[in-house]
Amino acid sequence: MSATWIAVLVTAACCYALKLAGLTVPPRWLAHPRAQRFASLVPVALLAALIAVQAMGRDESLALDPARLAGLGAAAAALLLRAPFLVVILAAAGTAAGLRALGVA
Amino acid sequence: MADTSADPVKRAARDGIALGVAVGTSGLAFGAAAVASGMSVAQACVLSLVAYTGASQFALAAAVAGGGNLIAGTASAVLLGSRNGLYGLRLASLLGFRGPFRLLAALGITDESTAVALAQPAGGQPGRAAARAGFLATFGSLYLTWNAGTLAGALGAGRLGSPGSFGLDVVGPAAFLALLWPRLRDGRTERTVALAGALIALAATPFCPPGLPVVLAAVAALGAALLPAATALSPAGAPGPPGPADAAGVSGAARAPDAAASAGPADAAGERSGR
């Protein structure tokens, strides 16, 4: 078995095991109100971090990609205008793609 | 813009399918990147079928491409996947799956399925049904699209344009923003935690291997859960601006203050009746 196959299988097994571990934690471990509060707020913190890193990060550094930021700005504008979900996504992707096609960003 | 579908389960399923298909197309980019990095088509497909978590898969492909340290590459891929375990903590009580079905449901935990499940109106059996529908619809559509995309991208590597030219690189962040939006409007605590999480991740990015900054953002949730002051700021104590409840573009989820934090059923009912 090649080294790449070992890396692929270990990664696949560990990623699945992490998901299963979180889902099968005994409920009594999370019975405390603070633990429940933590579990409830974790996705908020992580998703916000993910948005920030995907919008401004590149590998191990911060890089501003004007088209990507404009796309995210278009999404925020659409959300403020109470647009439906698909419109938000299309506004973001369309803005980024349009600016790149025009060579503006 | 008001939602035409009054049924939260249908609405959740519709949003989940839309997101799954939109994000799943980036499976093409992964398949192409994996083969370009030197992985075989089978290796790319095994990762998408079993690991099924985009960022981890890209990280491993990058390590293989570098011809470098596969142990470090595997470690960073697993680190990137660790946030799914934290999502699982939350989803366990939200979805309430029991028995062997959890083995399948675990596979479906991703940023996308978590975000859609959380965006559903909370409270009681209807809330759980909507969260389950959103989770499973996202899982199903994203799993199929992501894996089909991986195979197509791996077979056709090099014949694709750059994902950036279609703006696909902004689909992920825009979708997460849309799905997080209702919770950001719910309460000051949520907004503070989100802002702190984003700042922690950005500050850590230059100093950490990929994946770690996002996991470190959990510290923001830990702080809010432990600080007495933060408890006082919970949505029940200090509700955000009520706002027109039909305002949510996503799943009408603004009607649901917060599934499991301190917002009580009374709050949820109040918001719902205001709709």
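The values are calculated or read from the model by the stated rules, or taken from the named source; none is laboratory data. Note that the coordinates shown come from a computational prediction; the quantities given were computed from them, not determined experimentally. Ideal geometry is used to build each Cβ from the backbone, glycine not excepted, and the neighbour counts take in all protein chains shown.
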field: Lone qualifier among A:Val8, A:Val53, A:Val44 - being in contact with a Lys or Arg (Cβ under 8 Å, 6 or more places away or on another chain) and at the interface with chain B (Cβ under 7 Å from one of its Cβ atoms)
entry: A:Val44
statement: Subset of region B:94-110, residues touching a residue at least 12 places away in the same chain (Cβ under 8 Å), closer than 22 Å to A:Ala35 by Cβ and at the interface with chain A (Cβ under 7 Å from one of its Cβ atoms), comes to B:Ala105, B:Ala106, B:Ile109
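Out of A:Leu86, A:Leu20, report the one residue that is more than 16 Å from the chain's Cα centre (by Cα), part of a helix (DSSP H, G or I) and within 28 Å of B:Thr205 (Cα to Cα). First the steps, then the outcome.
On the way: A:Leu86 fails: within 28 Å of B:Thr205 (Cα to Cα).
Exactly one of A:Leu86, A:Leu20 is more than 16 Å from the chain's Cα centre (by Cα), part of a helix (DSSP H, G or I) and within 28 Å of B:Thr205 (Cα to Cα), namely A:Leu20.
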message: Looking at region B:72-125 only, could you name the residues that are basic (Lys, Arg) and over 14 Å from B:Gly211 (Cβ atoms)?
response: B:Arg90, B:Arg98, B:Arg102
- request: Pick out the one residue from B:Leu28, B:Leu107, B:Leu91 that is within 21 Å of B:Ala175 (Cβ to Cβ), surrounded by fewer than 24 Cβ atoms within 10 Å (Cβ to Cβ) and modelled with pLDDT of 85 or more.
  value: B:Leu107
message: For the list (1) more than 7 Å from every other protein chain (Cβ to nearest Cβ); (2) farther than 26 Å from B:Ala51 by Cβ, I need the number of the one condition that A:Arg37 fails.
response: (1)
task: Mind listing just one residue for me: the one in region B:220-235 that is surrounded by fewer than 21 Cβ atoms within 10 Å (Cβ to Cβ), within 8 Å of chain A (Cβ to nearest Cβ) and at pLDDT 85 or above and, of those, farthest from A:Arg34 (Cα to Cα)?
output: B:Leu222
query: Mind checking which residues of region B:137-159 are buried (at least 16 other Cβ atoms within 10 Å of the Cβ) and at pLDDT below 90?
result: B:Gly153, B:Ala157
- request: Please tell me if A:Ile51 is under 22 Å from B:Ala196 (Cβ atoms) and β-branched (Val, Ile, Thr).
  value: yes
message: Looking at A:Thr11, A:Thr4 in this structure, which one is surrounded by fewer than 24 Cβ atoms within 10 Å (Cβ to Cβ), polar (S, T, N, Q), in a helix (DSSP H, G or I) and at pLDDT 90 or above?
response: A:Thr4
- prompt: If we scan region B:112-119, do we find a residue that is in contact with a Gly (Cβ under 7 Å, 6 or more places away or on another chain), among the polar types (S, T, N, Q) and assigned to a helix (DSSP H, G or I)?
  reply: no
message: Being at the interface with another protein chain (Cβ under 7 Å from one of its Cβ atoms), free of Cβ contacts under 8 Å to residues at least 60 places away in the same chain and assigned to a helix (DSSP H, G or I) is the filter here; which residues of region B:201-219 pass it?
response: B:Ala201, B:Leu202, B:Thr205, B:Pro206, B:Pro213
query: Out of the residues in region A:45-66 that are among the small types (Gly, Ala, Ser) and part of a helix (DSSP H, G or I), which is nearest to B:Ala218 (Cα to Cα)?
result: A:Ala45
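For (1) part of a helix (DSSP H, G or I); (2) among the hydrophobic types (A, V, I, L, M, F, W, C), each residue gets a yes or a no:
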residue: A:Trp29; (1), (2): yes, yes
residue: A:Pro43; (1), (2): yes, no
residue: A:Arg68; (1), (2): yes, no
residue: A:Arg82; (1), (2): no, no
residue: A:Ala91; (1), (2): yes, yes
residue: A:Thr95; (1), (2): yes, no
- request: Among what's in region A:78-105 and is surrounded by fewer than 21 Cβ atoms within 10 Å (Cβ to Cβ) and β-branched (Val, Ile, Thr), pick the residue that is modelled with the lowest pLDDT.
  value: A:Val104
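In this structure, is B:Arg102 assigned to a helix (DSSP H, G or I) and modelled with pLDDT under 90?
Working: assigned to a helix (DSSP H, G or I): yes; modelled with pLDDT under 90: no.
Taking the combined requirement at face value, the residue does not satisfy it.
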query: Do we have B:Gly134 as facing chain A (nearest Cβ under 9 Å), surrounded by 22 or more Cβ atoms within 10 Å (Cβ to Cβ) and in contact with a helix residue (DSSP H, G or I) (Cβ under 8 Å, 6 or more places away or on another chain) here?
result: no
